[in-house]
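Novice: Starting off with a structure, shown below.
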Amino acid sequence: MSENKFDDAISRLAKIAESGSEYEKAVANYNLGFAYNSKNDIGNAIKAFRKALDANALPQVQHDSLMFN
């Protein structure tokens, strides 16, 4: 995926992560983490993953994946 597509995905996901239900915010941050990671932006990836976990709204499989991988 090109750099521009990651930037576009990050922009769109960031908007979703600011509004919506707790579940929607958690899923958006979960995916934001992967988008940042794909750009080697580890600091922002960790922040996004932490927000996804802190929302305590992810399905158990995704929650466990972030916690233990």
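The values are calculated or read from the model by the stated rules, or taken from the named source; none is laboratory data. As the structure is a computational prediction, the values presented were derived from the model and not from experiment. With ideal geometry, Cβ positions are generated from the backbone for all residues, glycine too; neighbour counts draw on all protein chains shown. With ligands, DNA and RNA removed, areas are computed over all heavy atoms of the protein, side chains included. Shrake-Rupley method; radii C 1.70, N 1.55, O 1.52, S 1.80 Å.
Novice: Six or more apart or on different chains, Cβ atoms under 8 Å: show the pairs whose first residue is in the stretch 44-69 and among the β-branched types (Val, Ile, Thr) and whose second is crowded, with 17+ Cβ neighbours inside 10 Å.
Specialist: These pairs meet every condition: ILE46/GLY33.
Novice: Still on this structure, please answer the following. Looking only at the stretch 1-43, count every residue that is assigned to a helix (DSSP H, G or I) and at positive phi and tell me the total. Even if it seems obvious, please write down each step before you answer.
Specialist: The initial filter retains those residues of the stretch 1-43 that are assigned to a helix (DSSP H, G or I), namely 3-17, 22-38, 42-43.
Restricting the remaining residues to those that are at positive phi gives none.
Looking only at that region, the number is 0.
Novice: What number of residues within the stretch 57-69 satisfy the criterion of being in contact with a Leu (Cβ under 9 Å, 6 or more places away or on another chain), among the aliphatic types (A, V, I, L, M) and open to solvent by less than 50 Å² (accessible area, probe 1.4 Å)?
Specialist: Counting residues in the stretch 57-69 that are in contact with a Leu (Cβ under 9 Å, 6 or more places away or on another chain), among the aliphatic types (A, V, I, L, M) and open to solvent by less than 50 Å² (accessible area, probe 1.4 Å) gives 2.
Novice: Quick one: count up the residues across the stretch 24-56 that are surrounded by fewer than 17 Cβ atoms within 10 Å (Cβ to Cβ) and over 24 Å from ASP7 (Cβ atoms). Write out each step before concluding.
Specialist: Step one: filter the stretch 24-56 for residues surrounded by fewer than 17 Cβ atoms within 10 Å (Cβ to Cβ), giving 24, 34, 37-44, 46-47, 50, 54, 56.
Imposing the further condition that a residue be over 24 Å from ASP7 (Cβ atoms) reduces the set to 54, 56.
Result for the stretch 24-56: 2.
Novice: Got a number for residues in the stretch 44-62 being part of a helix (DSSP H, G or I) and more than 12 Å from the chain's Cα centre (by Cα)? Spell out the reasoning first.
Specialist: Going through the stretch 44-62, the residues part of a helix (DSSP H, G or I) turn out to be 44-54, 60-62.
Filter once more, keeping what is more than 12 Å from the chain's Cα centre (by Cα): 60-61.
Selection size over the stretch 44-62: 2.
Novice: Of all residues in the stretch 3-23, which are within 12 Å of the chain's Cα centre (by Cα), surrounded by 12 or more Cβ atoms within 10 Å (Cβ to Cβ) and either among the hydrophobic types (A, V, I, L, M, F, W, C) or under 14 Å from ASP41 (Cβ atoms) (or both)?
Specialist: ALA9, ILE10, LEU13, ALA14, ILE16, ALA17
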